Every structure is written in C-alpha cells, then in structure tokens.
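Peer 1: Dropping the structure in here first, questions after.
The values are calculated or read from the model by the stated rules, or taken from the named source; none is laboratory data. Every value quoted in this text rests on a predicted model; they were computed, and no experiment measured them. Note that we place each Cβ from the backbone using ideal geometry, even for glycine, and neighbour counts take in every protein chain shown. Please note that ligands, DNA and RNA were not included when accessible areas were found on the heavy atoms of the full protein model with its side chains. Shrake-Rupley method; radii C 1.70, N 1.55, O 1.52, S 1.80 Å.
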Amino acid sequence: MDIQRILGMKPLTDVKSVLCVQPHPDDNEVGAGGTLARLAANGCLVYYVTVTDGRYGGSESAVSAEALVRVRQAELRRAGEMVGVVHHHELSFEDLGNYSESDVMSALIPILRDKRPEAVMTVDPWAPYEAHPDHQKVGRAVAAAVLAANSSIHADSGQPYNTPMVAFYATAYPNTYVDITDFWDVKLASILAHESQFANDEWPLLVQYFEHQARQYYGAMQMAQGVAEPLTAGFAEAFKVLSPRQLHFFPAALHM
Ligand SMILES: [Zn+2]
C-alpha cells in the first residue's frame, strides 16, 4: 500500500518549494544538503529558517560568543549559496537558550503562511538518543507549527495553510531515500563552508563517516526499489516523510 500516494503526497524529489528549518546554522547541510542541492538544481525554491544563533558551537575560548555568531552568519550564507538557497530567515534565538517550543512555533506560523511551501524539512526530534535541546525543541516546534498554521490560531498572521508534507532528516526511522550521488561534492563543500565547525583535524574522519552513512542509505534505497543485489556505489540521504495527518493521533506513523 502506497500510503504517501493515498495521503496525496508527491515524491519529495518533485516538490517545487521547501522550507528548511534548522536549529543551528549547519544542520540543513549535514542532514539534507545533497537533497536540497538536487531540488534547487531542479528549480525548487529552497528557503532556510535558522532558529538559533549558534553562539556556543565552538570550543575555542579565544572567540567571543558574539564574534562566533557573526562568523556563523557569514558561513550560513556561503553554504546556502552553494546549495541554492533563495531566502534566509534568522530567528536568532540564543543557542541552547531558554526559549520554548511554543516560542518557535509562533515564529514559524507566519513564515509558513507566507511562503506556503510544498514541503517542510527539519531535524527529527524523535530520534532515540537525540539529546540536544535545540534539536528536540525545534523539530517538535516545526511539527506543531505545521498543524497550527492550518488552524485559526494567530488569525492576524496570514491565511491558514496546510503544508502537504514534512520531511525529517537525522531520523532513525527513514521511509524515503534520495539519490544524491551527483550532488555529493556539493554537500561536502557546503558542510565545510561552516569552517568554524568543520575545518579542523577531525574533518577527514567525519567525511569517512558521512560517506559510510550515505552509502548505507544508497543500499537501503536500492533495497526499497527492489534491486536484487543492492550496490553501495552511490550516495543517498534518508528522511522520515509524513503528511500533517500523520502528525497527530496517528501512532502507526512510526512504522510508515
Ligand atoms: Zn544542530
């Protein structure tokens, strides 16, 4: 049973606009940079929303938090150019700050109603062992905002909008794989554009890990396509794609 088709969802690779909400300035590229570059190359409008300022994403005490915020903003723009992002929103909540899920949801509703994207993308807040509060809060806030944007709440902030689908990256329960073999170099370059985070001795090891993971996903993609002897010669990214219907009172969504 093709539940995604029954729920009226088109393939993720066919969407013409996507709003990507990331907790920190580098999450979208790490989680979905290849897919986003592929979508943008296909004419899809890629919008970014960056929720926190990433001020604590560094271990070098020589750099002040304020200076790091400015560095990371510049890196965010550079990485976005590589991917093909057409518009950035920065919500500028404090990294690891005391903001609430509800604060983020309220900030996202007018953006959703304005941009009216065919898909929303974010981190999976329900991945087991995901302990970072920004990832937990932002992923949940996005799901809540998708539901709330289609209600009469905040009636002064735009017409209700029903987002057709939500794609969670960094998920432990993928149901969708995207072939990004042709965009692998773009993905790595866009991650490395976040120099303050990745231009260090760990990068070669990290690349090995990213490659291993993307080859695993590529094999899983081929399995899902019914290829008898899956190869791991390409790269893929993995997502949990759900319709808004599956985001409320729908426990079976876990296994779909
Ligand atoms: Zn993050």
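Peer 1: What residue, among those in region 193-215 that are aliphatic (A, V, I, L, M) and assigned to a helix (DSSP H, G or I), is surrounded by the most Cβ atoms within 10 Å (Cβ to Cβ)?
Peer 2: Ala214
Residue-by-condition table, conditions (1) within 17 Å of the chain's Cα centre (by Cα); (2) among the basic types (Lys, Arg); (3) open to solvent by less than 30 Å² (accessible area, probe 1.4 Å); (4) at positive phi:
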residue	(1), (2), (3), (4)
Glu66	no, no, no, no
Arg72	no, yes, yes, no
Met82	yes, no, no, no
His87	yes, no, no, no
Tyr99	no, no, yes, no
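Peer 1: Would it be correct to say that Gln222 is surrounded by fewer than 16 Cβ atoms within 10 Å (Cβ to Cβ) and outside any loop (DSSP other than H, G, I, E, B)?
Peer 2: Working: surrounded by fewer than 16 Cβ atoms within 10 Å (Cβ to Cβ): no; outside any loop (DSSP other than H, G, I, E, B): yes.
So Gln222 fails the test.
Peer 1: Then there's this: Between residues in region 228-256 that are within 26 Å of Glu29 (Cβ to Cβ) and residues that are among the charged types (D, E, K, R) and open to solvent by 50 Å² or more (accessible area, probe 1.4 Å), which pairs lie under 7 Å by C-beta distance while being six or more apart or on different chains?
Peer 2: That search, which allows pairs on different chains as well, returns Thr232/Arg215; Gly234/Asp179; Phe235/Arg215; Ala236/Asp179.
Peer 1: Another question about this same structure. Restricting to region 106-150, what's the tally of residues that are in contact with a helix residue (DSSP H, G or I) (Cβ under 8 Å, 6 or more places away or on another chain), more than 13 Å from the ligand (Cβ to nearest atom) and outside any helix (DSSP H, G or I)?
Peer 2: So the answer is 5.
Peer 1: Please specify each residue of region 32-51 satisfying the condition of being over 21 Å from Asp114 (Cβ atoms) and touching a Gly at 6+ places or on another chain (Cβ under 9 Å).
Peer 2: In the first step, residues of region 32-51 are kept if they are over 21 Å from Asp114 (Cβ atoms); the result is 32-35, 37-38, 41-42.
Ala37, Ala41, listed by residue number.
Peer 1: A follow-up question, please. Cβ contacts < 6 Å: first residue within 21 Å of Tyr177 (Cβ to Cβ) and of a type in the set (Lys, Arg), restricted to region 10-37; second residue within 13 Å of the ligand (Cβ to nearest atom) and modelled with pLDDT under 95, any location; separation 6+ or different chain. Result?
Peer 2: As it stands, the answer is none, since no pair meets every condition given.
Peer 1: Please list, ordered by first then second residue, the pairs with beta carbon atoms under 7 Å, 6 or more apart or interchain, first in region 102-114 and closer than 19 Å to Leu45 by Cα, second of a type in the set (S, T, N, Q).
Peer 2: From residues that are closer than 19 Å to Leu45 by Cα, the pairs are Ile109/Ser157; Pro110/Ser157; Leu112/Thr163; Arg113/Ser157; Arg113/Gln159.
Peer 1: Need the failing condition index for Gly54 against (1) closer than 25 Å to Met165 by Cβ; (2) open to solvent by less than 10 Å² (accessible area, probe 1.4 Å), just the number.
Peer 2: (1)
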